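A short worksheet on the structure shown next.
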Amino acid sequence: MMAKIITFVLIFIALAASHLLIDEKGYVLISFNQTTIEGSIVSFTILLLLAITALVLLGKIVRWSWRHLINTKGHFSRKRKLKAQQAWDESLWLLINGEVEQAATLLAKTPQPDERQDYVRAIAAKAALKQGDIVKANTELEAISDDNQGQLATLWLEANNSEQALALLDDKMSAAKPTAAVLSGYIAACVEAQQSEQATTQIAKWHKKLNWSDAQWQTLFERLFTATPEQADTLFNMLPKAVKAHAVPALTKVKLQQGRIAEVTGDLKKLLKQGQYHQLAEYLQYNTQANAELKLALQQQLKKHPDDKELLFALACLCNAEADYELAAKIFDSLSAHPWEARWSKQAQLAYEKIHTYEKAYLIAKS
């Protein structure tokens, strides 16, 4: 730009000075319509230079103003994005710490980009479920895009809509290799909808993709067998060998509740021999049938460990099962000296009620 200006300046200087070569004054006449402008070349040259300089300055001012305006807009845009990102990060930490309601409130106050709206709605739905607002939860879940509906099986289940969860997952289950998340959601939906055989079939087919912990497996089978106890044996036999070990505790519980202690006496005596008294007591709290063989083994073990609270509780459970409520009540009286455990309460209340010690039964029930 400066090169052009310099070129024009030199041209006009040459024109302005050319009249000196012929010893005459330069003269300029401009006429258009009824207007006439006249003056010397020198004056016109000076005016032209001033006009060019003014135009250059005006151009720089305009460019500076435009850049400043754009930067201001960018500043506000960046500020909004930063605020949204900070709220998003904070909400994730709230979720990790189990504070889902606070996370939902924070995201509701801070607008998030379009690509995060499904996550915001899912968090809002989870918060509504935690508060017991099923209507709001369903509204939020229905607003989530179809692309992400397949990830919502667990939330639909919590919203008491197992049919919707299964419907959403059917297409994804028909894929050649469904993801672990889809499998988990589908199996949970089947259990919730009491489609036990379908759930077991999927477990047998895809168990290698389900990287669950032992606790997760046991929780699943607890729900599966408890929902349909009459089918527990059939469902257990449908499972692959690698998974059956996780299902044994739930099946044992069902058998004890059904009065089939004779079928698991060997396993219970093995726990007793191995010193796994806590696990033995966990099982026997569900027992409803007497077993003299196991009771004798327990009494012999108590001679070695007379103050073991797990063994005492296990013996009390067997006493209740054979209607020896007096002995069971005495055992629970001795256990009251220990820090009381909630799992003792049901069996203790039964023993006290049967011997008409209602005051103790009432206190246990009240606590």
Next item on the list: Mind listing whichever residues of segment 106-121 are among the β-branched types (Val, Ile, Thr) and at pLDDT below 90?
Entry: THR110
Next item on the list: Pairs only if they're at least six apart or on different chains, beta carbon under 8 angstrom, first in segment 331-356 and closer than 15 Å to LEU284 by Cα, second of a type in the set (A, V, I, L, M) and open to solvent by 50 Å² or more (accessible area, probe 1.4 Å); list them, first residue then second.
Entry: SER345/ALA365
Check: Which of the residues belonging to segment 337-367 are of a type in the set (S, T, N, Q) and more than 41 Å from the chain's Cα centre (by Cα)?
Finding: THR357
Notebook entry, point to check: What number of residues within segment 280-294 satisfy the criterion of being part of a helix (DSSP H, G or I) and crowded, with 18+ Cβ neighbours inside 10 Å?
Noted result: 6
Notebook entry, point to check: Does segment 129-146 hold any residues that are free of Cβ contacts under 8 Å to residues at least 24 places away in the same chain and not in a loop (DSSP other than H, G, I, E, B), and which are they?
Noted result: VAL135, LYS136, ALA137, ASN138, THR139, GLU140, LEU141, GLU142, ALA143, ASP146
Notebook entry, point to check: Among (1) open to solvent by 70 Å² or more (accessible area, probe 1.4 Å); (2) over 22 Å from LEU271 (Cα atoms); (3) not charged (D, E, K, R), which single condition is ILE203 missing?
Noted result: (1)
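Residue by residue, here is whether (1) surrounded by fewer than 16 Cβ atoms within 10 Å (Cβ to Cβ); (2) of a type outside the set (Gly, Ala, Ser); (3) modelled with pLDDT under 80 holds:
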site: ILE123; (1), (2), (3): no, yes, no
site: ASP133; (1), (2), (3): yes, yes, no
site: ASN138; (1), (2), (3): no, yes, no
site: LEU141; (1), (2), (3): no, yes, no
site: ILE144; (1), (2), (3): no, yes, no
site: GLN149; (1), (2), (3): no, yes, yes
site: LEU166; (1), (2), (3): no, yes, yes
Margin query: Contact list please: Cβ distance under 7 Å, first residue in segment 42-68 and of a type outside the set (S, T, N, Q), second residue at pLDDT below 75, pairs at least six apart or on different chains.
Written below: VAL42/ALA16; VAL42/GLY26; PHE44/VAL28; LEU48/PHE12; LEU49/VAL9; ILE52/ILE5; ILE52/PHE8
Check: For segment 176-250, list the helices (runs of 4 or more DSSP H) that sit wholly inside it and hold at least 2 residues that are among the aliphatic types (A, V, I, L, M) and over 21 Å from the mean Cα position of the chain (by Cα); which are they?
Finding: 196-206, 214-227, 232-238
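The values are calculated or read from the model by the stated rules, or taken from the named source; none is laboratory data. What you see is a predicted model, and the numbers here were worked out from it, not measured in a lab. With ideal geometry, Cβ positions are generated from the backbone for all residues, glycine too; neighbour counts draw on all protein chains shown. Surface accessibility is based on the protein's heavy atoms, side chains included, excluding ligands, DNA and RNA. Shrake-Rupley method; radii C 1.70, N 1.55, O 1.52, S 1.80 Å.
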